[in-house]
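Engineer: I have a structure here, written as structure tokens, and I will follow up with some questions on it.
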Amino acid sequence: MASYDASEIESKWRKKWTDSKLYEVDLNSDKPKYYNLVMFPYPSGDKLHVGHWYNYAPADSWGRYMRMKGHNVFQPMGFDSFGLPAENYAIKSGVHPRESTLKNVEHMKKQLSDMGAMYDWDKSVTTSEPDYYRWSQWVFLQLYGKDLAYKKTAPVNWCDSCQTVLANEQAQDGTCERCDSEVTKKDLAQWFFKIRDYAEDLLNHDDLDWPEKTVLMQKNWIGKSEGCDIDFKLEDGSETLTCYTTRPDTLFSVTFIVVAPEHPLVDKFVEGTEYEDEVKKMREKIYNQTDIERTSEGGKDKLGAFLGKYAINPANGEKVPVYMANFALMYGTGVVMADAHDQRDFEFAHKYDIPLKFVISEDGKEIDPKDFDEAYVEDGMLFNSGEFSGMNNREALPKMIKWLEENKNGRATINYRLRDWLISRQRYWGAPIPVVYDPEGNPHPVPEEHLPWMLPTDVEFKPTGESPLAASKEFIERTEKIFGKGWRPEVDTMDTFVCSSWYYLRYPCTTMEDMPFDKKVDDKWLPVDMYIGGPEHACMHLLYARFINMALHDMGHIGFKEPFKKLVHQGMVTKDGAKMSKSKGNVVSPDEFIEKYGSDVFRMYLMFMGPFTDGGDWNDKGITGIARFVDRFFGVVSEKSEVKDSKALAKALNKLIKKVSADIERFQFNTCVAAMMEFVNFVMKNGIDDESRKVLVRLIAPLAPHLAEEGWSVLGEKDSIFNSQWPEYDEKLVVDDTVVLGVQVNGKVRGEVEIGVHTSQENALEIARLNPNVSKYLEEGKVVKEIYVPGKIIGFVVK
RNA sequence: GCCCAGAUGGCGGAAUUGGUAGACGCGCGGGAUUCAAAAUCCCGUUCUCGCAAGAGAGUGAGGGUUCGAUUCCCUCUCUGGGCACCA
């Protein structure tokens, strides 16, 4: 058998594709457009890993399939090239981030080209280049102009010994990744985007073809809750504490109030009092807890202190103490009413000896917290609750809110747990925030004519305690020259998520120099028809991109509200069931396998491993099965054979077209490959003609583009297979004349019979009864029920 | 602790709407070819018993609905992922 020399054949076709500009997209074509997008990679210095291949190869197969189905497929690729690794590398090696980044981009581009995917490299973006980030800055200015950007103080992770801000990733378990010393919090004035303004719009996924799981995750992340604010006046009348709660039904059980440590009232209450020392010490302790520690379950971790104040419960006039507690967050109003019907409150009260009482029980009879080890959190009937006693607590909820409103003690409110988006980074390798400060310290946007607001190059990367840009002389001189003496630039850069929240708008417009994108072009090409990327981006990138897109839409820059019509997440490739990681030393490098078997075999094995959205487990030996299949496939295509049963061949081929099309449509590449293997196994016995061969190579073209192109050319075709049409099947040839059915007696299969597809119930049952092993069991009793589901099953129930 | 997803042969996985569980591939066993090996091809391969026909068990565990459950319902165990105690 002729063996298939993958490396020679694959490089031959890649060269032809490049030379003929096969994948260059005419954005003005009249063919139906299809925007097929994968989340762009960070250009690391390492080689492409299995995860990249697992993501990009099937995405490319999908694009090729859509192309053969007659679409004008736009499949761009770019680089999300700002970020921490390049900066860390610069700190270590002294190499400027732009130098290492551009080198990595070139390297990665070459590797991606070797993959044989149909990227149109004329339309690519590199987010760290001025011709891109000037427009990220433009996005900032747009939001700033619409009052969607603001500045406020927020804490960052700080390592005192390294004199630097740390990312969460660098500050795991409360210690600095670089020097192991304790991480503290430091308050800095930082820029935010008002993503909360779009909370309600972001909750609406109605027109999106997204995984349910992702929609659910976003909804939980945005966390809309409908509740009410309740006012508690201080005993001395000096202040009103407004508590947000979704459970006003527990109001009569409230015996204390807790305030978030971050709340400004904490200082106001304790300053100059006997409580000041203890409260401030406790607050320090809480601030040094990670969010996880602060939020972990179990009574031990409850921390807090009395603030020396008492408030009046508006429902019953009782005097209740006011505490600060670690589990109270600056969510809602930052003040929480506390009672025995909440487990955290219950534990806190026990630790700090605060009295508790219940107002809900199963049947409305009085119960006492002294008899309980934990909070009573079930629903039930109210007691000791004034006019609401005797009501079901859930039914009482709206009535109590109305009652609070009538008595001016509270009001219905809606809360979202989504926080505004903090975009300031005290880093060098990012897009400078285009803001300058006048001598009085007031911020002003950098006018558009000065974009790109260039990232200065005369900086020191080693940590000095401030943002690296602060050290640039050129940056200050530039600012003073343009704006006047005493003016200073903002020295923070933007979160890289800002750059990646609008890149899909730029791809169709990469050549435009005086605008980020053209409304007409983007309105034609967007939204993205298919977006493929990891599920880890469900709540960050995918929410940010939707927000930016919506904001730009509302400003009239684009005509569509949602950026991504359909979304698919790829699964993870594991090795022996474990996540691949450098530290475990179980990382599989694609290179040796590609060298040995070629990229078609490699990508088909990744697809064969398991369903695309589930991921799969890598096995070094498993890939040989695909390599054997490719050899056999090429043999079937290139060697003459005699057809033994042409009817059977036509049937098998039409079934294959149907199966492969359906499997690709639902991203089940694994069963698609299996079906192809079955067909090839059949053809090895039965033989195949040239017309059928031409169908077969087109069917495998999306999955194994080089192999298919070679086969297509061997079969005498001159044009690229990717300019051919996807085969259609004949519905008549897909249906079988006969079918083999199992025959069950009392639910157990006792035999099988082959009958015509349209056999009547009467005949089918008669044929089944004739089966000797079936009749044996039928004789054991009386047949009380007969079942015939055409095409599925024949059954008898015997008693 | 909460939320989401999952658990099927020795392994990866298949079963599209409740209808013959284990497609396809790996591995393994046997055979052909070969001086020999590799490669390739053929046969077998869920487990137990049996020469076979067949019988029994079987989709994490236990229960339920049904003529029939990997699939639907309840309880539990374990694994993976996410988390910002959301009051």
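The values are calculated or read from the model by the stated rules, or taken from the named source; none is laboratory data. No experiment lies behind these values; they were computed from the predicted model shown. Note that each Cβ is placed from the backbone with ideal geometry, even for glycine, and that neighbours are counted across all protein chains shown. The protein model used for the area step is the full one, side chains on, heavy atoms only, and it has no ligands, DNA or RNA in it. Shrake-Rupley method; radii C 1.70, N 1.55, O 1.52, S 1.80 Å.
Engineer: With label points built 7 Å along Cα→Cβ from the Cα atoms of residue A:168 and residue A:715, find their separation and express it in nm.
Structural biologist: 5.1
Engineer: Skip the ligands, DNA and RNA, and give the accessible area per residue of chain A with a 1.4 Å probe, whole Å². Don't skip to the end; give the middle numbers.
Structural biologist: Numbers: 36860 Å² over 799 residues.
It amounts to 46 Å² per residue over chain A.
Engineer: What is the distance in Å between the Cα centroid of region A:1-38 and that of region A:672-727?
Structural biologist: Computed from Cα coordinates, the inter-centre distance equals 16 Å.
Engineer: If you don't mind, another one. Among the lysines, select those whose C-alpha is under 26 Å from the C-alpha of residue A:748, and discard any that sit fewer than 8 residues away in the same chain.
Structural biologist: Correct list for residue A:748: A:776, A:782, A:785, A:792, A:799.
Engineer: Between rounded, prolate and oblate, where does region A:82-172 land on the alpha carbon gyration tensor, with a ≥ b ≥ c its root eigenvalues, rounded for a/c under 1.5, else prolate if a/b exceeds b/c? The partial results should precede the final answer.
Structural biologist: On the way: a/c = 2.53, a/b = 1.27, b/c = 1.99.
Oblate.
Engineer: Could you give the dipole magnitude of region A:634-711 about its Cα centre, charging the beta-carbon of Lys and Arg +1 and that of Asp and Glu -1, in debye to the nearest 20?
Structural biologist: Dipole magnitude for region A:634-711 comes out near 320 debye.
Engineer: Over chain A, what is the mean sequence separation of C-alpha contacts under 8 Å (at least six apart), divided by residue count, expressed as relative contact order in percent?
Structural biologist: 14
Engineer: On a 32 Å Cα-Cα criterion, which of the cross-link pairs A:309/A:402; A:185/A:462; A:281/A:319 come out too long? Walk me through the numbers before you get to the answer.
Structural biologist: Working: A:309/A:402 28 Å; A:185/A:462 20 Å; A:281/A:319 26 Å.
Pairs exceeding 32 Å: none.
Engineer: Which residues in region A:107-122 have a backbone N closer than 20 Å to a point placed 7 Å from the Cα of residue A:29 along the Cα-to-Cβ line?
Structural biologist: A:116-122
Engineer: Listed highest first by mean packing, meaning other Cβ atoms within 10 Å per residue, what order do A:417-429, A:717-729 come in?
Structural biologist: On the way: A:417-429: 20.9, A:717-729: 15.1.
Listed from highest to lowest mean packing, they are A:417-429, A:717-729.
Engineer: Just want the answer: with Cβ charges of +1 for Lys and Arg and -1 for Asp and Glu, which residue in A:83, A:388, A:258 is farthest toward the dipole's positive end in chain A?
Structural biologist: Among A:83, A:388, A:258, the one farthest towards the positive end of the dipole of chain A is A:83.
Engineer: Among the lysines, which have Cα under 25 Å from the Cα of residue A:582 when same-chain residues fewer than 8 positions away are ignored?
Structural biologist: Partners found: A:47, A:92, A:103, A:109, A:110, A:596, A:621.
Engineer: Treat each spin label as a single point 7 Å out from the Cα along the C-beta direction, and report the residue A:215 to residue A:161 distance in nm.
Structural biologist: The two pseudo-label positions are separated by 5.0 nm.
Engineer: Based on the alpha-carbon gyration tensor of region A:25-103 and its eigenvalue square roots a ≥ b ≥ c, which shape applies: rounded if a/c is under 1.5, prolate if not and a/b is larger than b/c, or oblate?
Structural biologist: Since a/c reaches 1.5 and a/b is larger than b/c, the shape of region A:25-103 is classed as prolate.
Engineer: Then there's this: Of the heavy-atom accessible surface of region A:74-206 (probe 1.4 angstrom), what whole percent is carbon and sulfur?
Structural biologist: 45
Engineer: Mind putting a number on the dipole of chain A about its Cα centre? Charges go on the C-beta only, +1 for Lys and Arg and -1 for Asp and Glu, and I need it in Debye to the nearest 20.
Structural biologist: 1940
Engineer: Also: Could you work out how much longer the chain between residue A:749 and residue A:224 gets when fully extended? Use 0.36 nm per residue separation minus the Cα distance between them, nm to one decimal.
Structural biologist: Full-extension gain reported as 183.8 nm.
Engineer: So which lysines can residue A:481 reach, going by Cα to Cα under 21 Å and dropping same-chain residues fewer than 8 places off?
Structural biologist: A:473
Engineer: Would region A:403-558 count as rounded, prolate or oblate if I go by the C-alpha gyration tensor, calling it rounded below 1.5 in a/c and otherwise prolate when a/b exceeds b/c, oblate otherwise? Provide the component values of the computation, followed by the final result.
Structural biologist: Numbers: a/c = 1.85, a/b = 1.22, b/c = 1.52.
Verdict is oblate for region A:403-558.
Engineer: Estimate the FRET efficiency between residue A:757 and residue A:678 by the formula 1/(1 + (r/R0)^6), using the beta-carbon distance for r and 25 Å for R0, to the nearest 0.05.
Structural biologist: Taking R0 as 25 Å, the efficiency between residue A:757 and residue A:678 is 0.75.
Engineer: Here's a follow-up. Please get the size of the charge dipole for region A:671-799, origin at its Cα centre, with Cβ charges of +1 on Lys and Arg and -1 on Asp and Glu, quoted in debye to the nearest 20. Don't jump to the answer; show the numbers that get you there.
Structural biologist: Numbers: 14 positive and 20 negative charges, 168 e Å.
Approximately 800 debye in magnitude.
Engineer: How big is the C-alpha Rg of chain A next to the rule-of-thumb value 2.2 N^0.38 Å, as a ratio?
Structural biologist: 1.20
Engineer: I would also like to ask the following. Set the Förster distance to 45 Å, then compute FRET efficiency between residue A:206 and residue A:389 from the Cβ-Cβ distance, nearest 0.05.
Structural biologist: My answer for the efficiency is 0.60.
Engineer: Could I ask something else about it? Let me have the 222 nm mean residue ellipticity of chain A computed from DSSP H runs of 4+ only, each contributing -39500 (n - 2.57), with the sum over all residues rounded to the nearest 500.
Structural biologist: Values: 27 runs with 293 residues, N = 799.
Taken over chain A, the calculation gives -11000 deg cm²/dmol.
Engineer: Specify which residue in the list A:94, A:126, A:104 is farthest towards the positive end of the charge dipole of region A:1-128, using unit charges on the beta carbon of Lys, Arg (+1) and Asp, Glu (-1), about the Cα centre.
Structural biologist: Toward the positive end, the furthest listed residue is A:126.
Engineer: State the Cα centre-to-centre distance between region A:314-383 and region A:211-245 in whole Å.
Structural biologist: About 17 Å separates the Cα centre of region A:314-383 from the one of region A:211-245.
Engineer: In nanometres, what is the gap between the two model label sites at residue A:792 and residue A:181, each 7 Å from Cα along Cα-to-Cβ?
Structural biologist: That separation, rounded to one decimal, is 7.1 nm.
Engineer: Assuming R0 = 41 Å, can you tell me the calculated FRET efficiency for the pair residue A:352 and residue A:92, based on Cβ-Cβ distance, to the nearest 0.05?
Structural biologist: According to the calculation, E is roughly 0.25.
Engineer: Considering only A:446, A:403, A:325, whose Cα is most displaced toward the positive end of the charge dipole of region A:319-456, charges sitting on Cβ of Lys, Arg (+1) and Asp, Glu (-1)?
Structural biologist: Farthest along the dipole direction, towards plus: A:446.
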